[in-house]
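Visitor: Dropping the structure in here first, questions after.
Read-outs throughout are calculated quantities, based only on the coordinates presented, and are distinct from any laboratory measurement. All figures in this text were calculated on a predicted structure; none of them were measured in a lab. Cβ: placed from backbone, ideal geometry, glycine included. Neighbour counts: every protein chain shown.
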Amino acid sequence: MLLTKITFFERFEHDILSGSKTITLRDEAESHVIAGQILPVSTFETDRWFCDIQIIDVTPVKLTELTKVHAKQENMTLPQLRDVIAEIYPGLEQLFMIRFRILPQ
Ligand SMILES: CC(=O)Nc1ccn([C@H]2C[C@H](O)[C@@H](CO)O2)c(=O)n1
């Protein structure tokens, strides 16, 4: 079933709003979005809406395939990105890269 909203941890809100974070890596359960889809974005912690995004595309990517390019799109270094993924999705190898653009508010 297609997602109708997406949440991010509050600590990523500024990077999303500034346009410095343009992808998110999710597990299979949160990969069900399609190109062109517009989604409201809220904080994971309090479900506070803070922007809308448009999905550009969704691509499967394995943990071992992550590169500095992915990290830059997350506004992180590659070690930081690996740490974040290990914290959120411990032991998960198959991820899905969701590219998005923020819509004007
Ligand atoms: C509930 C849940 O999983 N929420 C998530 C998952 C991921 N993110 C961010 C963290 C990283 O920047 C990328 C890669 O996972 O996406 C998130 O904010 N909230």
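Visitor: Are any residues in region 12-56 assigned to a strand (DSSP E or B), within 11 Å of the ligand (Cβ to nearest atom) and without any contact (Cβ under 8 Å) to a residue 40 or more places away in the chain, and if so, which ones?
Guide: The answer is Val41, Ser42, Thr43.
Visitor: Any idea how many residues of region 57-86 are without any contact (Cβ under 8 Å) to a residue 12 or more places away in the chain and within 11 Å of the ligand (Cβ to nearest atom)?
Guide: 6
Visitor: Which condition number does Leu2 fail, the rest of (1) surrounded by 11 or more Cβ atoms within 10 Å (Cβ to Cβ); (2) more than 10 Å from the ligand (Cβ to nearest atom) being met?
Guide: With respect to (1) surrounded by 11 or more Cβ atoms within 10 Å (Cβ to Cβ); (2) more than 10 Å from the ligand (Cβ to nearest atom), Leu2 is out only on (1).
Visitor: Across region 63-98, what is the total count of residues that are part of a strand (DSSP E or B) and either over 15 Å from the mean Cα position of the chain (by Cα) or surrounded by 15 or more Cβ atoms within 10 Å (Cβ to Cβ) (or both)?
Guide: Selection size over region 63-98: 4.
Visitor: May I pose another question? Given the structure, is Thr4 β-branched (Val, Ile, Thr), in contact (Cβ under 8 Å) with a residue 60 or more places away in the chain and touching a strand residue (DSSP E or B) at 6+ places or on another chain (Cβ under 8 Å)?
Guide: Judged against the criteria, Thr4 is not a match.
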